[in-house]
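A short worksheet on the structure shown next.
The values are calculated or read from the model by the stated rules, or taken from the named source; none is laboratory data. Every value quoted in this text rests on a predicted model; they were computed, and no experiment measured them. Ideal geometry is used to build each Cβ from the backbone, glycine not excepted, and the neighbour counts take in all protein chains shown. Ligands, DNA and RNA are excluded from the accessible area calculation, which covers all protein heavy atoms including side chains. Shrake-Rupley method; radii C 1.70, N 1.55, O 1.52, S 1.80 Å.
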Amino acid sequence: MADADARVAISQRQEQLVPTRQWRDSPERAAAAYDQAIVNYSRAKKLFEAGLIAQQELDARGTELRIARDDLENAKQLAVVSTKLAQDQADQANLQAKVRREELQEQLRQAQVNYERAKQQADATVVRATTAGVVSEIPVRLGDRIPGGAVLARLAKLDRMIAEVPVAGQMISGLRVGQSAQVGLSSLPPREVEGRIRSINPLPSQNMTHIVEVEFDNPTLLLVAGQPAEVRFTKP
């Protein structure tokens, strides 16, 4: 761009330095005027040699011829300089358009980078669970300052439910993990599903009962935690 601007400035200066009269003739008009000046000078010279005109008249035609010749040279030089100026101005305009396109492309690239960065930052603010489930508890409130590692929500998996059954100590020895059990649900209508013993707590509670966990399927996800259930253990 700097080179193009410099070339345009130089061409404009060269155009201004070309000597011209009050108007700037084209090379064609200057050539026609020069040809007419030659004809006029030749005619005047013949008349002078024949003694029909004075020396002053011949000198005047000679002056007109020199002026016409100078005008022709200046017109040719001006045409060359003007052509070069027009070419330099066209190159300058093309370069300016190219620079503008590159600036716009750079702005577009920067906008895309900013968009991707903002998108990543937005994605980083979304908390996603590692597994599917139902929100059972949200221990934080709107506006709380949350430190790293804090629990934001607790999820419950409802596709498989667990019934906790207190079993007397004298019955524990007859139960095994994986053993079948019938779980009666107080749903509408009441129904029974088959389950299996998931775990047996070997340590008794204060009332000397052991907690036995019986797991069963909940495919409809209609059962929720806290509902009562009746469990009957099946002997293997």
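Using modelled backbone amide H atoms (1.01 Å from N, in-plane), which distant-in-sequence or interchain residues come within less than 5 Å of residue 158's amide H?
134
Projected onto the charge dipole of segment 62-217 (+1 at Lys/Arg Cβ, -1 at Asp/Glu Cβ, origin at the Cα centre), which of 82, 138, 107 gives the Cα projection farthest towards the positive end?
138
Which whole number of Å³ per residue matches the convex hull of the alpha-carbon atoms in the chain?
Enclosed volume per residue, from the Cα hull, is 294 Å³.
Take residue 159 and residue 82, extend 7 Å from each Cα along the Cα→Cβ direction, and tell me the distance between the two endpoints in nm.
Calculated label separation equals 8.6 nm.
With the radius of gyration and the Kirkwood radius both derived from the Cα set of segment 122-170, what is their ratio Rg to Rh?
1.17
Using modelled backbone amide H atoms (1.01 Å from N, in-plane), which distant-in-sequence or interchain residues come within less than 5 Å of residue 231's amide H?
184
Can you list the HN-Hα couplings for segment 166-180, worked out from phi with the Karplus curve (6.51, -1.76, 1.60; θ = phi - 60°), rounded to whole Hz and with x for Gly and Pro?
x, 10, 5, x, 6, 9, 4, 5, x, 10, 9, 5, x, 5, 6
What whole number of Å gives the distance from the Cα centroid of segment 158-236 to the Cα centroid of segment 68-120?
First find each Cα centre; the distance between them is then 84 Å.
On the accessible surface of the chain, probed at 1.4 Å, how many percent belong to carbon and sulfur atoms?
Here carbon and sulfur together make up 55 percent of the probe-accessible area.
Viscosity 0.692 mPa s, temperature 37 °C: give me the Stokes-Einstein translational D for segment 114-236 in µm²/s, with Rh taken as the Kirkwood radius over C-alpha pairs.
In µm²/s, the coefficient is 185.
Could you please report the charge total around residue 116, scoring K, R as +1 and D, E as -1 over all other residues with beta-carbon less than 14 angstrom from its beta-carbon?
+2
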